[in-house]
There are 2 protein chains.
Amino acid sequence: MIDRLLPCVGWLKRYNGETFHGDALAAVIVTIMLIPQSLAYALLAGLPPEVGLYASMLPLVGYALFGSSNALAVGPVAVVSLMTAAAIGKVTAAGGVDYAAAALALAAMSGAILIALGLLRLGFLASLLSHPVISGFITASGLLIAASQLKHILGIEAGGHTLYDLVGSLAGGIDETNLPTLAIGALATAFLFWVRARLKPLLRRFGLGPRLADAGAKAGPVVAVIATIAAVELLALDAAGVAVVGAIPQGLPPLSVPPLDPGLWLELLPSAVLISIVGFVESVSVAQTLAAKRRERIAPNRELIGLGAANIAASMSGGYPVTGGFARSVVNFDAGARTPLAGVLTAVGIGLTALFLTPLFHQLPKATLAATIVVAVLSLVDLGALKRTWTYSKADFAAMAVTIATVLGFGVEAGITAGVGLSLVLFLARSARPHLAVVGQVPGTHHFRNVRRHAVVTSPKVFSVRVDESLYFANARWLEDTLYDRAVADKAIEDVVLICAAVNDIDASALEALEGLNERLHAAGVRFHLSEVKGPVMDKLKRTHFLDALTGQVFLSHYDAMAALDPDTTQDAELSPAVRA
Amino acid sequence: MIDRLLPCVGWLKRYNGETFHGDALAAVIVTIMLIPQSLAYALLAGLPPEVGLYASMLPLVGYALFGSSNALAVGPVAVVSLMTAAAIGKVTAAGGVDYAAAALALAAMSGAILIALGLLRLGFLASLLSHPVISGFITASGLLIAASQLKHILGIEAGGHTLYDLVGSLAGGIDETNLPTLAIGALATAFLFWVRARLKPLLRRFGLGPRLADAGAKAGPVVAVIATIAAVELLALDAAGVAVVGAIPQGLPPLSVPPLDPGLWLELLPSAVLISIVGFVESVSVAQTLAAKRRERIAPNRELIGLGAANIAASMSGGYPVTGGFARSVVNFDAGARTPLAGVLTAVGIGLTALFLTPLFHQLPKATLAATIVVAVLSLVDLGALKRTWTYSKADFAAMAVTIATVLGFGVEAGITAGVGLSLVLFLARSARPHLAVVGQVPGTHHFRNVRRHAVVTSPKVFSVRVDESLYFANARWLEDTLYDRAVADKAIEDVVLICAAVNDIDASALEALEGLNERLHAAGVRFHLSEVKGPVMDKLKRTHFLDALTGQVFLSHYDAMAALDPDTTQDAELSPAVRA
């Protein structure tokens, strides 16, 4: 019982020195990676840098207690930081106490929504985000984030939540470019791209093992941080106009209750829903991929509760919305993390940083952090996916293209909404036109097959049609009209038999359509029958007056129907062994 | 060609004296019915009474030119009038020029939307309104409309767009009740209920034929109108505080271009979309039912254009949004209307009324019109549908109940939106969990059936599973997780074969899920195969790298798969005639 409430009890029981060794090594590497990232993403979210550190402590402990993945590294991530900036930007002016308080409220709501979805076992709602929509969303967000960081690299003032606003704002301020800032930003960006693409093979060639070479490459941002701090110190670049992070309060996060302002919560609700779902989808994908590699499994509804706990923790310890990060979790896994304790140890590492190392970051140029972000998010941009999706499916391409265009043109929230809406409409448009097969008898058997694909015998006066889909509101009216039109087009037809072998459900709208069809066919002098209705569907129909009103019959098999309605055309069949079975 | 653009050319060619006789008689009866209705519904929409007459002239001609139903009677209807009041109430204060101008803009937009849907052949979008949502919407609107008319019957001031506001507002004003108004309103209501329930059998007993008796009963509202006008005149009740319709301008409708104010159009857009779709659904249902009785057919996309033309005509001739009315169309049909010319003749009848009879309506009590509305809309209220739907399907009941509660509590637009949203989510929740059947071989055959329902032979090392649904974003992730969990739960399993005989499509999200499943199973040492993939699906898969990455094979038949993967367990089969065919 306690295992179900707190999954950590399970892995703590089996904990030993070997697992600790793996977890501790992973925690050290992830901490080194997380320090610049957490500062940078807080900057992206429009929050003071220490908020990034705070969001990398207690939330990790919250996830470790309730989550189900052994490798997921939780904390601030790029896309959620961008969405946080957009959400709070709508309800308050950037900076100041209100902004940070809104971030806490957003984390609290996001946590509550995730936990509620988990308890109600509604994780499937995340599947409404189709893959092309997520992929388009991440690509467009990456471009938007990269554009938003250019101001730090140029050392100018700019802002905006759409590509148009950002580019316009950058173009307006480009004359003010601060050259020392640009030098640092451009060098850091170039260095980080080089590290990402070339350092690992180079370290291997110098004789390092693959894991050590990988760890070396991941330390690239830390090297950039140290080098640019040194440059600012030695060359007094802050006096030359290079914007630096400045004083970061030293110490552990402030514990508090998130602001309980109903007006603010109501305003933030739509954003909190989107942040929760996007964060969950991003996190659960990487958690599943990594779990599979060790033949472990994660429980999606359990993940919702774990991420919810992380966000509640963030809201009570001066943070902002968090989720499982993609790159960071892969590093955690590769470095040998075996249990969620790796996350707790990472939190300890960040805690020590907050206690003792923050004075070192005073001279850290914001341009360096921006370079870290740009290099990280541009790796998420995958415009090639557009072409691959176009090749595979035009409908999926449309959903992806509309998501990208809307994110860039109208912002993240409009983009995800438009993408999900369009996917739904396109899906319904397809399922609103199910496959209908007019069937005839395979001579000498009890089998009935599509007249277009098989040599079969058909009756001139009985119209036999099979529908390959459950009947529900989106296809009910179409089915009614199509069957009616096809039945009355041929004046010789006296009976219509609908074969329901593939019908798993008939909803109330479809029942109404069948009643209407029965009535319309009756007015036209044609009887309406069903055959091969599944048991559960028949049970539902028996609870209505439909079967009383039906002008025809319900036949157990379509052969029975044909033998009764047109015995002259229907051939006797020697039952084959397959049919008897 | 001209027939396709203007369906009227077709019926005009075949026009003769007999069809004219039917059309003319129907037009007279519908005109008598329409006069009080058009005045009353304009009142309900918050517009001056003459607007109701204007909306009953040119729109009928517009529909006759482009529509496809021979019996549909177009004009102002209750539900659309209520939605018009709600829509305009949001953007402008009641009364005055702006209100009427907004009504014209709403009709123009509604017309444009309907024509666009028709030209783009998007009529299927109307099927997103499931039957329980429409039924709940009409019931709740009927209650709301009846409540909104009580103020006229009591002779007090009241208002509101939700039941709560209406009841509160009525309760606040009930002390001001005008007794002569209440007397007229209550008597008219009682009389109209009596006419509806009892008059037709009574007339039959007095020896009238069924059609004449029916026509007599339909004239009930006209009798109430004449009697109450006489009462006001004779007893000078207007001086006693009975609100009367007052001066109605005499003459034909003013022709004009609808106001082209982009800000107003943008504000009205969501309402115009809802009005168009609700109006179309209401109209097309009755048109189809009536067409079927004469073995005729209507074309839904043609209907969209006909109703669109009617609304454009309304917007250019001082009207407001119109659609095909249910009761009115049935009367038109029963009275013998044979072609859309009956509508043109009705328009002429209303035109003559507007030219010569409007002075007679000066002393018509608003309470009489309110009584007409109350009696008409209460016949739409069908609370029994709640019980029937509960018996048939809990999901459909939920959609209906939420629609009713939201319309009553938050208004018509919120209600229809909530109903559609909930139906979609409930449908996706069901289709997100398709039926999965683990199958085994029917001994001695090439057939494979569900292990739970048949005595079949299964292989200990091959997991054979059939999915009975197309694979798409809402079920992709679930399928991936479920298949993975079931495959790795049994350590003896070496191969998984997914039988795709019922898979009509695999979208990009499902492709991604299959790729993920293939990778995860590979990591777990299990190969992944497909069997019985349909031709079009296979064509799509061949355009991707999926088949290269697949650790297993694609088998034409599941028997081939089993014979290759576990020849020891798979039994040879003598091909039965059915299988050979």
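The values are calculated or read from the model by the stated rules, or taken from the named source; none is laboratory data. Predicted model only: the values in this text are computed from it and were never measured. Cβ coordinates were reconstructed from backbone atoms using ideal geometry, including for glycine residues, and neighbour counts include every protein chain displayed. Surface areas here come from the heavy atoms of the whole protein model, side chains and all, with no ligands, DNA or RNA. Shrake-Rupley method; radii C 1.70, N 1.55, O 1.52, S 1.80 Å.
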With Rg and the Kirkwood Rh both taken from Cα atoms, where does Rg over Rh land for the stretch B:200-320?
-> 1.10
Could I have the simple spin-label model distance between B:Trp390 and B:Val348, label points 7 Å from Cα toward Cβ, reported in nm to one decimal?
-> 5.3
Calculate one ³J(HN,Hα) per residue across the stretch B:412-429 by plugging θ = phi - 60° into the Karplus curve 6.51 cos²θ - 1.76 cosθ + 1.60, and present them in order as whole Hz with x for glycine and proline.
-> 5, 5, 4, x, 5, 5, 5, x, 5, x, 5, 4, 5, 5, 5, 5, 5, 4
For the protein assembly as shown, fraction of C-alpha pairs farther apart than 45 Å, in % = 48
Mean shadow area of the stretch B:130-254, taken as a quarter of the surface of its Cα convex hull (nm²) | 12.1
With a 1.4 Å probe and every protein chain left in place, tell me how much accessible area A:Trp194 has, in Å² to the nearest 10.
-> 110
Among the listed pairs A:Lys387/B:Lys534; A:Lys218/A:Lys293; B:Lys200/B:Lys366; A:Lys461/A:Lys491, give every one whose C-alpha distance is greater than 18 Å.
-> A:Lys387/B:Lys534; A:Lys218/A:Lys293; B:Lys200/B:Lys366
Under the Karplus relation 6.51 cos²θ - 1.76 cosθ + 1.60, θ = phi - 60°, what is the ordered set of whole-Hz ³J(HN,Hα) values for the stretch A:460-471, x standing for Gly and Pro?
-> x, 10, 10, 9, 9, 9, 10, 10, 9, 6, 5, 9
R0 of 30 Å, Cβ-Cβ distance A:Thr417-A:Val330: FRET efficiency to nearest 0.05 | 0.50
Chain-alone versus full-assembly comparison, the stretch A:129-145, residues with accessible loss of at least 40 Å² (1.4 Å probe) | A:His131
Extension gain from A:Leu355 to A:Ala501, taking 0.36 nm per residue of separation minus the Cα-Cα distance = 45.8 nm
Please give, to one decimal in nm, the separation of the simple spin-label points placed at A:Leu212 and B:Val273, each 7 Å out from Cα toward the Cβ.
-> 6.1
For the peptides B:248-259, B:429-440, B:265-276, what is the packing order when you average, over each peptide's residues, the other Cβ atoms within 10 Å and list the highest mean first?
-> B:265-276, B:429-440, B:248-259
Whether the stretch A:363-461 is rounded, prolate or oblate, judged on the alpha carbon gyration tensor where a/c under 1.5 counts as rounded = prolate
Label point distance in nm, A:Arg294-B:Leu266, each placed 7 Å from Cα along Cα→Cβ | 5.4
Given a Förster radius of 25 Å and the C-beta distance between B:Val438 and A:Arg121 as r, what FRET efficiency does 1/(1 + (r/R0)^6) yield to the nearest 0.05?
-> 0.60
Share of alpha-carbon pairs per 10 Å distance bin for the stretch B:284-408, given as whole % = 9, 26, 35, 23, 7, 1
How high is the relative contact order of chain B, in percent, counting Cα pairs under 8 Å that sit 6 or more residues apart?
-> 22
The stretch B:296-369 - Rg over Rh from alpha carbon coordinates, Kirkwood radius | 1.02
Computed from the beta carbon distance with a Förster radius of 56 Å, FRET efficiency for B:Asp568 and A:Phe20 to the nearest 0.05 stands at 0.75
Rounded to whole Å, √(5λ) for the Cα gyration tensor eigenvalues of the stretch B:107-162, largest first, gives 33, 17, 7
Where the convex hull is taken over the Cα atoms of the stretch A:487-581, what is its projected area averaged over directions, in nm²?
-> 7.2
Report in % the part of the accessible area of the protein assembly as shown that belongs to carbon and sulfur, leaving out ligands and nucleic acids; probe 1.4 Å.
-> 65
Using a label point 7 angstrom from Cα along Cα-to-C-beta, what distances in nm, from shortest up, separate A:Pro567 from the other copies?
-> 5.0
Looking at the stretch A:521-555, residues buried by 20 Å² or more relative to their chain on its own, accessible surface at probe 1.4 Å, turn out to be A:Ala523, A:Ala524, A:Lys540, A:Arg543
Mind pulling the per residue volume of the convex hull built on the Cα atoms of chain A? Å³ is fine.
-> 218
Please work out how much length the chain gains when fully extended from B:Lys90 to B:Ala455, using 0.36 nm per residue of separation minus the C-alpha to C-alpha distance, in nm with one decimal.
-> 124.9 nm
Alpha carbon centroid spacing (whole Å) that separates the stretch A:307-355 from the stretch B:351-411 = 58
Log entry: pair-distance distribution for the stretch A:68-165, C-alpha pairs binned every 5 Å from zero, whole % per bin is 2, 10, 14, 19, 23, 16, 9, 5, 2, 0
Over the stretch A:223-332, what is the mean sequence separation of C-alpha contacts under 8 Å (at least six apart), divided by residue count, expressed as relative contact order in percent?
-> 31
Rg and Dmax [Cα atoms of the stretch A:422-498; Å; Rg one decimal, Dmax integer] = 14.4, 48
For the stretch B:22-82 and the stretch A:141-188, what is the separation of their C-alpha centers, rounded to whole Å?
-> 61
For label points placed 7 Å from Cα toward Cβ, what is the shortest-first list of nm distances from B:Pro210 to its copies?
-> 8.6
Using a probe radius of 1.4 Å on protein heavy atoms only, what is the accessible area buried between chains A and B, both sides summed, to the nearest 100 Å²?
-> 5800
Does any residue of the stretch A:369-409 lose at least 20 Å² of accessible area with all protein chains in place compared with its chain alone, and if so which ones (probe 1.4 Å)?
-> A:Thr391, A:Tyr392, A:Asp396
Between copies, how far apart are the A:Gln250 label points? List them in nm, one decimal, shortest first, with each point 7 Å from Cα toward Cβ, please?
-> 9.6
Send over a whole-number figure in Å² for the accessible area per residue of chain B, probe 1.4 Å.
-> 41
Could you please state, rounded to a whole Å, how far the C-alpha centre of the stretch A:223-278 is from the C-alpha centre of the stretch A:462-497?
-> 63
